[in-house]
Amino acid sequence: MTAGKTLIAGLFLLCTALPALAEPDSAADWTTGGYAGLRGSYAFSGNATATLTPTAPPAAIRASYASSGGGSVYLGARLPLNLRLELEALYRWQPVSKVTLAGVEGAGAGRTQIAAPFLNLFWDIPVPLELQVQPFIGMGVGAAYTDTDVTGGGNTYLHQNRWDLAYSFMTGLAMPLDYDTRLTAMYRWMKSPEAGHKCAAGGTVQSVCLDNSVTSQAVDLGLEMDL
């Protein structure tokens, strides 16, 4: 996570400097109308799927994922009180980096991918217009289709391909490149709290696990323009 935190700090510092380089002709109007954009996503290593097998006693299975990426497209509308509403279509893919069974690392390979429509609500934090930087915070709720396969030693540890509720929290900055075009940088934490995996450990019969969750952290860089 140290590398991930360093990346966040570096990206935000870079993006904060961009308005001075861009020198837009006039101040950006972030108060009315609609907009559309694209985001590229860098998903951190350390994102994981954790679950418990239905054996007695239950065995904990944890699949950790390597750094990878994804992206999203979105449409947004500005509301009163500095609020914005977005409809977003998101995709993310990550390969397995490590599997632990009851705390012991074992051989494992596979991947997880997530596709999700999200409804996001953002609040633009009021700052002086002269700063030419717009900080924001937000949250989203959606339906995540998670496709996960984790195998090792001739055994399928985790398998899932289904829709589940997901939610996320975001914070970031928007910086003008021109009057109606902006660059955005955003940190996102996302979770599917009840993802219905099937799992097995030590050659046991695969069945629905007792407890399941999928967590994900990422940094998104985006290009946004007014409609």
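The values are calculated or read from the model by the stated rules, or taken from the named source; none is laboratory data. In this text, all values refer to a predicted model and were calculated from it rather than measured experimentally. Neighbour counts run over all protein chains shown; Cβ positions are idealised from the backbone, glycine included.
Scanning segment 106-116 for residues that are under 18 Å from residue 215 (Cα atoms) and either of a type in the set (Val, Ile, Thr) or surrounded by fewer than 16 Cβ atoms within 10 Å (Cβ to Cβ) (or both) yields a total of 2. Hey, does segment 138-155 have a residue that's closer than 18 Å to residue 121 by Cβ, in contact (Cβ under 8 Å) with a residue 60 or more places away in the chain and crowded, with 20+ Cβ neighbours inside 10 Å? Within segment 138-155 (the criterion being closer than 18 Å to residue 121 by Cβ, in contact (Cβ under 8 Å) with a residue 60 or more places away in the chain and crowded, with 20+ Cβ neighbours inside 10 Å), the answer is yes, since at least one residue qualifies.
Is there any pair with a first residue in segment 185-199 that is under 29 Å from residue 174 (Cβ atoms) and at pLDDT below 85 and a second that is among the basic types (Lys, Arg) and assigned to a loop (DSSP other than H, G, I, E, B) whose Cβ atoms are under 6 Å apart and which are 6 or more apart or on different chains, and what are they? From residues that are under 29 Å from residue 174 (Cβ atoms) and at pLDDT below 85, there are no pairs. Across segment 94-108, the qualifying residues are those that are in a loop (DSSP other than H, G, I, E, B) and not aliphatic (A, V, I, L, M), and the one among them that is farthest from the chain's Cα centre (by Cα) is 103. Of the residues making up segment 85-101, those that are surrounded by fewer than 19 Cβ atoms within 10 Å (Cβ to Cβ) and under 25 Å from residue 122 (Cβ atoms) are 85, 87, 89, 91.
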